[in-house]
Amino acid sequence: MERADSLARLLEVTETHSRDEHGDQDWKLILEVNGDLDHFRQEYGKVTAVDVVKFYTIDLNNATSLASSVAYARENARSLRHLISTEMWSQINVMHSRFRDVKNKDIQPRRLAGFCSTIKESCQAHTGITEATLYRDQAYLFYWIGKMVERADQASRLLDVGFRRALKLAHSDDNAGESLSHWTGLLRSVGGYQAYRRTHPIRLRAREVTGFVLTNKSFPRSVMYCLQEAHDDVSKLINEHGVETAHPALQELEVALSQLQNADIQQLVNSDLHEFADTLQQQLITFTQRLAEGCFGLDKQD
Amino acid sequence: MIDLKGLLSTYEQGAYFCELLGLPDGSSVTSKTAATIIKRLDKLNLKALKKRALAAEHELYNLGITFTVYTDSQAIDRILPFDVLPRIISAADFDIIDRGVQQRVAAINAFLKDIYHDQKILKDGVVPKELVLGNENYCKKMEGVEIPGDTYVHICGIDIVRDTDGSFKVLEDNARTPSGVSYVVENRHLMLRTFPDLLKGVGVRRVSDYGLRLYQALAEVAPAGREEDPVVVLLSPGVFNSAYFEHVFLAREMGVPLVEGSDLTAEDGVVYMKTTGGLQRVDVIYRRIGDDFLDPQAFRKDSMLGVSGLFDAYCRGNVTLANAIGTGVADDKAIYAYMPRIIKYYLDEEAILQNVPTHICGEPEGLKYTMDNIDKLVVKPVGEAGGYGVLVGPRATKAELDERRQELKDDPANYIAQPVVGLSVCPTLMSDGIEPRHVDLRPFAVTGKSTWVLPGGLTRVALNKGSLIVNSSQGGGSKDTWVLEK
């Protein structure tokens, strides 16, 4: 659900931007950042706005599409139905069945923003229902850890996309106005524009925006916030529920957190952001593996 | 008789017993409560009723009260079609069902205990030896195995039909893993939400405590010394099983973990569940997988669903299985024919619920009678479930009759024959209005140290006009079943 939420945000913001002359370039960027370019070319060939949207919305052959994410969420909910609340199950089930009826015409450019909004709203309804109904046991902690890890991962990807786009803008003859609208768009895509304005009433620049999305401690979609939440919950698993086997995962998370705390934002803005995001995403994957090995006895993977 | 002017005015029950109006000649005395319900139904408007039925159907999809059918490319969710007009059972009628089912379950359990120990009933020649010992569901490994409370069949579903004279008859026993109870409870919840006006002030016995009753019964027969707060789990074949919804439902209603074979392990004769905090001992397993798949060490070697060493733990008395292994021999269609004699043998009582007279084609006289009267009989294969392979003589074509005659010649032991029972009907909402459709009833009996029968049961309805086959695979649906308090 978290992935669907983030992807809907990314599509919406890209669609808004691609109305200017950069057009298809922006769509290619999404593919690059998600590492889907090769897969996409195999399936569709040339990168066009229409096909990328299709690829990320209704294409069930793409494991990262909205349709696939919702189908996975529903399948997971179905197999865990005895652990989650009836309300949670029913909402995901209804969302899934509505999604199955989505046709090509529903994702045309003029309808896409509305479509993405609906997805976001459903995902947020899911979060609200979960908050209000899910019993606070180990299952809840695992749920929340997974959500936070996914959100941190997606925030890093959104930032990465935004940055690459900014670089392209910088090389063209853009003006200050466009650059400004670019960073505004990026903040809006993570749902953080207003929060950002409250902390930075004046400046809207690469450095501050990057710092905000990566390390702000109070913004619920920043990487730092998400990792801190995950850290708290893994600690709870160990301390309150006696899941000692979660220690290796906790250590992995602490490495990622300390890198984040010590990151030189100016340095990242100047050159290393993509690499930093990549490393972070890799650390999150390792963390998830350690947690699965420790708590669910899944085989060790190298 | 009640004067029907509205919705039910065009309803014709024909020559059958009607679950709402009674005997075909109109001579039934309707209780005050039933009359209230009939009047309320009669006042409903067809268009509004259809709208509400549609809303109910949507709700079934939304709540995911569905079974999943997997094809090569996709998974399709289906609902069991639900008819909104309830089936009513009077308190007096349910009393017969209740006592009859309890009696039958007691006899089945005594029979299973006997055939896996002293085999007195075989020695006394009441049931032919080869019918039991040569039965493919007879489990030789269970001979001499002691189980708590001598309860073999903890959950039993007995399919009952009603003849034109209003008498109940048992069609078959389900002593392995009878399914469908989730629909009983969910149908009631659905009715409470969509037809509160129909139920208002009518005393209908509740069905919602099934999970609690089942848990209590299973706790009663936990291994010795573990009865106080035992760990009960529900063992499912997994999410791809078409009845997965029911497994989830039961685990939730019982408040027990839902596990798959890979979540359990057996060590030194004890079964454990793997948890994030380590291994936890398991005392009772309500298993929804067949005998063959329970333990690859003891039964089918290729089973991926079971737990290695489970049977060993079971034999040592360290874990209770519900139902026990080897109960399939008791619900065999051939053994069914002997059930009145089995009841008499163990309980020294006459059967409260009669069988449908059954001709065993494996016996020469049974075969001859069936061959001579095939056009008047229902001929069923003994090993099939789900209504497959059932031939209804009076409705069959000449070619179908000839084909079955040949099959009877080739493999007589595979068939039994019964007279056509004029299954009772129930008013049912069809596209053109309210029409009679044939129904049966599967009450569920739960047995720990004693037996409790869920008031009501699953009413299945044959939605195709005139059809006598109520199975969901053959166009059947279900109805909410109201057992009246008085």
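The values are calculated or read from the model by the stated rules, or taken from the named source; none is laboratory data. Note that the coordinates shown come from a computational prediction; the quantities given were computed from them, not determined experimentally. Here Cβ is always computed from backbone atoms with ideal geometry, including for glycine, and neighbour counts include all displayed protein chains.
Quick look at the numbers
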read-out	value
Residue within the range A:129-136 that is more than 21 Å from B:Leu63 (Cα to Cα), exposed (fewer than 12 other Cβ atoms within 10 Å of the Cβ), modelled with pLDDT of 90 or more and not polar (S, T, N, Q) present	yes
Test for B:Arg78: is it modelled with pLDDT of 90 or more, among the charged types (D, E, K, R) and either in contact with a Ser or Thr (Cβ under 7 Å, 6 or more places away or on another chain) or part of a helix (DSSP H, G or I) (or both)	no
Hits in the range B:16-60 (condition: under 19 Å from B:Gly203 (Cα atoms), touching a strand residue (DSSP E or B) at 6+ places or on another chain (Cβ under 7 Å) and part of a helix (DSSP H, G or I))	B:Thr33, B:Ala34, B:Ile37, B:Leu41
From A:Leu237, A:Leu253, A:Leu227, A:Leu273, residue being buried (at least 18 other Cβ atoms within 10 Å of the Cβ), closer than 30 Å to B:Met273 by Cβ and more than 14 Å from chain B (Cβ to nearest Cβ)	A:Leu253
Filter pass, B:Gln74 being within 14 Å of chain A (Cβ to nearest Cβ) and either touching a residue at least 60 places away in the same chain (Cβ under 8 Å) or farther than 22 Å from B:Val161 by Cβ (or both)	yes
Test for B:Leu235: is it within 22 Å of the chain's Cα centre (by Cα) and within 25 Å of B:Asp292 (Cα to Cα)	yes
Residue within the range A:23-44 that is within 30 Å of B:Leu60 (Cβ to Cβ), of a type in the set (Val, Ile, Thr) and more than 14 Å from every other protein chain (Cβ to nearest Cβ) present	no
Every residue from the range B:243-288 that is among the charged types (D, E, K, R), within 14 Å of chain A (Cβ to nearest Cβ) and over 24 Å from the mean Cα position of the chain (by Cα)	B:Asp263, B:Lys274
Residue in the range A:290-302 that is nearest to the other protein chains (Cβ to nearest Cβ), counting only those that are crowded, with 18+ Cβ neighbours inside 10 Å and at pLDDT 90 or above	A:Leu291
Test: A:Ser6 is crowded, with 21+ Cβ neighbours inside 10 Å and either at pLDDT below 90 or not in a helix (DSSP H, G or I) (or both)	yes
Hey, B:Val382 modelled with pLDDT under 90 and β-branched (Val, Ile, Thr) or not	yes
Matching residues, the range A:240-250, being within 11 Å of chain B (Cβ to nearest Cβ) and either assigned to a helix (DSSP H, G or I) or not hydrophobic (A, V, I, L, M, F, W, C) (or both)	A:His241, A:Gly242, A:Glu244, A:Thr245, A:Ala246
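Quick grid of which residues meet (1) closer than 24 Å to B:Pro237 by Cβ; (2) more than 14 Å from chain B (Cβ to nearest Cβ); (3) surrounded by 21 or more Cβ atoms within 10 Å (Cβ to Cβ); (4) in contact with a Ser or Thr (Cβ under 6 Å, 6 or more places away or on another chain):
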{"residue": "A:Phe55", "(1), (2), (3), (4)": "no, yes, yes, no"}
{"residue": "A:Ser69", "(1), (2), (3), (4)": "no, yes, yes, no"}
{"residue": "A:Glu75", "(1), (2), (3), (4)": "yes, no, no, no"}
{"residue": "A:Arg78", "(1), (2), (3), (4)": "yes, no, yes, no"}
{"residue": "A:Ser85", "(1), (2), (3), (4)": "no, no, no, yes"}
{"residue": "A:Ser90", "(1), (2), (3), (4)": "no, no, no, no"}
{"residue": "A:Val94", "(1), (2), (3), (4)": "no, no, no, no"}
{"residue": "A:Asn104", "(1), (2), (3), (4)": "no, yes, no, no"}
{"residue": "A:Pro109", "(1), (2), (3), (4)": "no, yes, no, no"}
